[in-house]
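Colleague: One structure, pasted below without further comment.
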Amino acid sequence: MSVKQPKGEVTPGFSTPVGTRRKFFQWVTRMAAGLIGLSLAIPLVGYVISPALKRRDKPWVEVGRVDELTAGQPKQLEYVATIRDGYLEAKTHKAVWAIKQSDGQVTVFSPLCTHLGCGYHWDGDERKFKCPCHGSVYDVSGNVLHGPAPRHLDVLPAKVENGRLLVVYKEFKSGTSTAVEL
Ligand code: FES
């Protein structure tokens with residue numbers, strides 16, 4: 001004779017949760033979909049933002065030939081630079097001051113006065129760099145002879161390869177006693 005169990009009551013020790021297997025497969029499916037989505041999204045995000053991350057990379061650019069320079073005589077070298085900012089690319093005219101030393105090494109200065117960023121020029125008679133804006137004067141090595149320039153002329157990374165002078169063009173904060181790259 002069987003004992004009738006009232007509806008809704010569960011015999012202790014014999015319960016089987018209803019729908020557990022279905023929930024497990026739903027969970028596995030969601031996890032798999034999430035992993036697939038993530039594996040597609042990560043390379044895509046990298047592809048989209050990498051140009052923005054690379055925008056501050058500054059390339060070596062050729063600004064002239066070393067045999068165009070006379071030892072001890074500063075020369076302004078002009079060139080066309082390609083500026084990349086994220087996805088944007090533009091051509092712009094730039095100039096630097098280059099001085100060949102007696103040992104063949106070349107020192108390259110940023111063309112901007114360290115006071116407030118005006119362009120300066122070379123006075124060949126006095127052998128000084130002079131800034132027309134507020135009267136700063138530098139010697140041939142870039143040292144400040146008269147203010148208000150707060151620091152030495154900014155030196156740019158430079159190297160010579162097969163007679164070509166290569167430079168990394170950088171800009172620095174003006175008006176500070178130490179060079180802070182922008
Ligand atoms: S910007 Fe050159 S002296 Fe002021």
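Colleague: Which lysines have a Cα less than 29 Å from the Cα of residue 58, not counting those fewer than 8 places away in the same chain?
Modeller: 75, 91, 94, 100, 130, 159, 170, 173
Colleague: As a test question: what accessible area, to the nearest 10 Å², does residue 27 have when a 1.4 Å probe is rolled over all protein chains in place?
Modeller: Result for residue 27: roughly 140 Å² accessible.
Colleague: For 24, 109, 172, give the ranking by accessible area with the largest first, probe 1.4 Å. It would help to have the intermediate numbers written out before the result.
Modeller: Values: 24 115, 109 5, 172 40 Å².
Sorted by accessible area, descending: 24, 172, 109.
Colleague: What is the calculated FRET efficiency for residue 45 to residue 181, with r their C-beta to C-beta distance and R₀ = 22 Å, to the nearest 0.05? Display every interim value, and only then the final one.
Modeller: Numbers: r = 28 Å, r/R0 = 1.28.
Between residue 45 and residue 181 the formula returns 0.20.
Colleague: If you place +1 on the Cβ of every Lys and Arg and -1 on the Cβ of every Asp and Glu, how big does the dipole about the Cα centre of the range 95-138 come out, in debye to the nearest 20? Display every interim value, and only then the final one.
Modeller: Details: 4 positive and 4 negative charges, 13 e Å.
Using only the charged Cβ atoms, the result is roughly 60 debye.
Colleague: Taking amide H positions as placed 1.01 Å from N in the peptide plane, with prolines and chain starts having none, which residues 5 or more places from residue 154, or on another chain, fall under 5 Å of its amide H?
Modeller: Excluding prolines and chain starts, which carry no amide H, the hits are 110.
Colleague: If you don't mind, another one. Kirkwood hydrodynamic radius of the range 76-182 from all distinct Cα pairs, in Å? The partial results should precede the final answer.
Modeller: On the way: mean 1/r = 0.0681 Å⁻¹.
Mean inverse Cα-Cα distance, inverted, gives 14.7 Å.
Colleague: Would you please give the FRET efficiency between residue 161 and residue 126, computed as 1/(1 + (r/R0)^6) with r the Cβ-Cβ distance and R0 = 35 Å, to the nearest 0.05?
Modeller: On the way: r = 34 Å, r/R0 = 0.96.
Calculated transfer efficiency: 0.55.
Colleague: Same structure again: Could you derive backbone 3J(HN,Hα) for the range 143-150 from the dihedral phi with the Karplus parameters 6.51, -1.76 and 1.60 (θ = phi - 60°), listing whole Hz in sequence and x where the residue is Gly or Pro?
Modeller: Rounded to whole hertz, the list is 6, 6, 9, 9, x, x, 4, x.
Colleague: Another question, then. Say each of residue 93 and residue 134 gets a label point 7 Å from the Cα, pointing the same way as Cα to Cβ; how far apart are those two points in nm?
Modeller: Spacing of the two 7 Å Cα→Cβ label points: 2.7 nm.
Colleague: May I ask you to rank 100, 91 by accessible area, largest first, using a 1.4 Å probe over the protein chains only? Please list the in-between numbers first.
Modeller: Values: 100 40, 91 145 Å².
Highest to lowest solvent-accessible surface, that is 91, 100.
Colleague: Which FRET efficiency value, to the nearest 0.05, do you get for residue 70 and residue 170 by plugging their Cβ-Cβ distance into 1/(1 + (r/R0)^6) with R0 = 25 Å? Write down the numbers at each step before the final one.
Modeller: Values: r = 26 Å, r/R0 = 1.02.
Here the calculated transfer efficiency is 0.45.
Colleague: If contacts are Cα pairs under 8 angstrom and at least 6 residues apart, what is the relative contact order of the range 76-182 in percent?
Modeller: Details: 208 pairs, mean separation 19.9, N = 107.
Once divided by the residue count of the range 76-182, the mean separation gives 19 percent.
The values are calculated or read from the model by the stated rules, or taken from the named source; none is laboratory data. Note that the structure is a prediction, hence the values are computed from the model and not measured. Positions of Cβ are backbone-derived with ideal geometry, glycine not excepted, and every protein chain shown enters the neighbour counts. Note: areas computed on protein heavy atoms with side chains; ligands, DNA, RNA excluded. Shrake-Rupley method; radii C 1.70, N 1.55, O 1.52, S 1.80 Å.
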